[in-house]
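The values are calculated or read from the model by the stated rules, or taken from the named source; none is laboratory data. This one's a predicted model, so the numbers in the text were calculated from it and none came from an experiment. All Cβ positions, glycine included, derive from the backbone under ideal geometry; neighbour counts span all protein chains shown.
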Amino acid sequence: MSKLIDISITLDNETVVDPPTMRPSIVYTTHKESAKDVVASFPGMTEDRLPEGLGWAVETITLSTHNGTHIDAPWHYHPTMDHGKRAIAIDEVPLKWFMQPGVKLDFRHLPDGHVVTPAEIDTELARIGHVLKPLEIVLINTRAGERYGHPDYIHSGCGMGRDATLHLAYKGARVVGTDGWSWDAPFSHTAKRFAETDDASLIWEGHKAGRDVGYCQIEKLHNLEQLPADGFTVVCFPAKIRAASAGWTRAVAILPD
């Protein structure tokens, strides 16, 4: 039987993954608390006649499509993609993009805030002896993975800039992913570079590469260090949300026996 590795994070109220203004909220309704709601649908029914007086467990969640492990659609980056075409939303992305062979590039040695270059991508591909094929899903293992759940998570790990993103896209990648909070370098590091240079093109440069080539990216992956460099399949179908910029995914890597 194939080995499955969960490469998604868990949505909860405790783990620090997002800035304070972006954190999800989960309200848990217990079996006891919901008993009144169950009997309300059945005139004449009383709570004491339910099995052990219990109803159902229900959760009410307030969150963004960019909470948890999620896939950004081209619509998130810009209204257009592929040099002027309307950018597609998450419910419009071809399903075949989300179940493909995967390759992992290990950039854990790069410092926080570093912007990966095309040359560094090619060096890593050469190190693992992999020639990238069209539609393969490229996962970026950064130092952010080990900081998951810590206050500095959103500031950790290297990022993928415009040149690196287009380098992968021109090789045929249409879904890429990172264990960092963002595909781009952490905002705190980009803010320092912007303050030094006043170069507005540095801001969200990896995402904005989608104007040239439409692609999807998975953010907040986890457990990438458990994966080999290649020889596995990634399954990461996003939630189908009409006209949305992103959709949550339970991303899984499938390794052969």
* Structure fact -> Over the stretch 234-243, the set of residues surrounded by fewer than 16 Cβ atoms within 10 Å (Cβ to Cβ) and either farther than 23 Å from Asn67 by Cβ or β-branched (Val, Ile, Thr) (or both) is Ile241
* Report, by residue number, each residue of the stretch 193-233 that is hydrophobic (A, V, I, L, M, F, W, C) and surrounded by 15 or more Cβ atoms within 10 Å (Cβ to Cβ). => Phe194, Leu202, Trp204, Ala209, Val213, Cys216, Ile218, Leu221, Leu224, Leu227, Ala229, Phe232
* **Test result for Ser64, out of contact with any Ser or Thr (no Cβ under 8 Å at 6 or more places or on another chain), modelled with pLDDT of 95 or more and either of a type in the set (A, V, I, L, M, F, W, C) or over 22 Å from Thr10 (Cα atoms) (or both)** => no
* Asked: If you check Lys171 against the conditions, is it within 23 Å of Thr123 (Cβ to Cβ), of a type in the set (Lys, Arg) and either surrounded by fewer than 20 Cβ atoms within 10 Å (Cβ to Cβ) or not assigned by TED's automatic domain parsing to the domain that holds Glu92 (or both)?
  -> yes
* **Members of the stretch 178-223 found to be of a type in the set (Asp, Glu) and under 19 Å from Arg250 (Cβ atoms), listed by number** => Asp179, Glu219
* Taking into account only those residues within the stretch 14-55 that are among the acidic types (Asp, Glu) and in contact with a helix residue (DSSP H, G or I) (Cβ under 8 Å, 6 or more places away or on another chain), which is surrounded by the fewest Cβ atoms within 10 Å (Cβ to Cβ)? -> Glu47
* Residue selected from the stretch 107-124 under the condition among the charged types (D, E, K, R) and within 18 Å of Val176 (Cα to Cα), by the criterion nearest to the chain's Cα centre (by Cα) -> Arg108
* Structure fact -> For the stretch 60-73, pairs from a residue that is farther than 16 Å from Lys240 by Cβ to a residue that is acidic (Asp, Glu) and surrounded by fewer than 21 Cβ atoms within 10 Å (Cβ to Cβ), with Cβ under 7 Å and 6 or more apart or across chains, are Asn67/Asp18
* To do: Kindly indicate which of Arg127, Arg143, Arg147 is under 19 Å from the mean Cα position of the chain (by Cα) and surrounded by fewer than 20 Cβ atoms within 10 Å (Cβ to Cβ).
  => Arg143
* Does the stretch 225-244 include one or more residues that are out of contact with any Gly (no Cβ under 7 Å at 6 or more places or on another chain) and of a type in the set (Ser, Thr, Tyr)? -> no
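Residue-wise test of (1) assigned by TED's automatic domain parsing to the domain that holds Asp212; (2) over 30 Å from Thr233 (Cα atoms); (3) more than 17 Å from the chain's Cα centre (by Cα).
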residue: Val38; (1), (2), (3): no, yes, yes
residue: Thr46; (1), (2), (3): no, yes, yes
residue: Trp75; (1), (2), (3): yes, no, no
residue: Asp82; (1), (2), (3): yes, no, yes
residue: Ala89; (1), (2), (3): yes, no, no
residue: Phe98; (1), (2), (3): yes, no, no
* Would you be able to say whether some residue in the stretch 144-154 is out of contact with any Asp or Glu (no Cβ under 8 Å at 6 or more places or on another chain), more than 13 Å from Gly102 (Cα to Cα) and among the small types (Gly, Ala, Ser)? => yes
